[in-house]
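The values are calculated or read from the model by the stated rules, or taken from the named source; none is laboratory data. These numbers come from a predicted model, not from an experiment. All Cβ positions, glycine included, derive from the backbone under ideal geometry; neighbour counts span all protein chains shown. Each accessible area value is taken on the protein alone, full model and side chains, heavy atoms only, with ligands, DNA and RNA left out. Shrake-Rupley method; radii C 1.70, N 1.55, O 1.52, S 1.80 Å.
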Amino acid sequence: MSTKLPEIIEENNLSHAWGRAFLHVMDRSSKHLAPLIVSVTGLVNGLPMEDKTIRTELDAKLKEKSRKCSTKVSALTIFPYDAWTRRGCPDVGAFSKWYLEHFFPRLKARDTRNGHGTYFERMVRFQGSKKDAGTLGLATKNQLEHVVGIWRRDRAKGHSTRHSAIQIAIFDPAKDHTGGVMLGFPCLQQVSLAYDGEDGLAVSAYYPTQYIMDRAYGNYLGLCHLGYFLAKEMGLRMVRLNSFIGLPELGSDWTKKELKPFAEMIRGRLPKTSDTIQPT
């Protein structure tokens, strides 16, 4: 798989970008799938444009199978956008505290699959080792608060923050190197930020594997929402999402035969449509 040239998908509509990624796996055998780079641009005030029909039909298909999450639910594991806006868009420190004390416990109680954590929880409560006075101990880091803090510090001094400093880790070897056949979480390994000019922010995410049918749409949406949140905290504009997928897969419990009519509907919606969800 690693010897194949990656395919690049760039669209100014999140639904169309996802649709092309979906057709990429539908139209090829698993032996001929290449890595994917999915890039979403054309954000309006920092939020992605969407095709209402594609998202609605995808959610309907996901609902047909047991234990499949809607696009909205998959997105909120990366960033709970609706909860953030309902609370008046609090800053990173206040929202992280509320999430860990109130929202995350509810997510764990609602679905046992959240027992290993959520992506946002890993971002704001990452645990690792740190040496203090010669003794190695456990330390907890709010990565989002750190990234925003160093950005504001450097900007106030008229400096540009080095790109290697604005990284957000998800994969934790101590927790995730289990040797299990199927862990399920985390599929997203790392998020990195890059600034574009004076006021642009791009988010890049890395997935070794990704279920395109099951989770990719919600993943892209959640990453766009995360970028919007960080851009607001950093005084920037979210301008692009890049998602790197080493091995794109269709998903679990699907056959290409049963998804063929759905794929033809998606094909018919590309490359453009006027029936869009305006970002709010």
- Message: open to solvent by 70 Å² or more (accessible area, probe 1.4 Å) and free of Cβ contacts under 8 Å to residues at least 60 places away in the same chain: is that true of R106 in this structure?
- Response: yes
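With L138, L100 as the choices, which residue is modelled with pLDDT under 90, of a type in the set (A, V, I, L, M) and open to solvent by 30 Å² or more (accessible area, probe 1.4 Å)?
Numbers: L100 fails: modelled with pLDDT under 90.
From the options L138, L100, the qualifying one is L138.
Can you tell which of I150, I78 is touching a Gly at 6+ places or on another chain (Cβ under 6 Å) and open to solvent by less than 60 Å² (accessible area, probe 1.4 Å)? Even if it seems obvious, please write down each step before you answer.
Values: I150 fails: touching a Gly at 6+ places or on another chain (Cβ under 6 Å).
The conditions single out I78.
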Taking first residues from the stretch 114-135 that are open to solvent by 20 Å² or more (accessible area, probe 1.4 Å) and second residues anywhere that are at pLDDT below 70, the pairs with Cβ under 7 Å that are 6 or more apart or on different chains are H116/F185
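Results for (1) closer than 29 Å to N142 by Cα; (2) touching a residue at least 24 places away in the same chain (Cβ under 8 Å), shown as yes or no for each residue.
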| position | (1), (2) |
| --- | --- |
| H24 | no, yes |
| S29 | no, no |
| D51 | no, yes |
| L62 | no, yes |
| R86 | yes, no |
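Mind listing whichever residues of the stretch 224-245 are within 23 Å of A156 (Cβ to Cβ) and open to solvent by less than 10 Å² (accessible area, probe 1.4 Å)?
Start the filter on the stretch 224-245 by keeping residues that are within 23 Å of A156 (Cβ to Cβ), which leaves 227-239.
Within the stretch 224-245, G227, F229, L230, A231, M238 meet the criteria.
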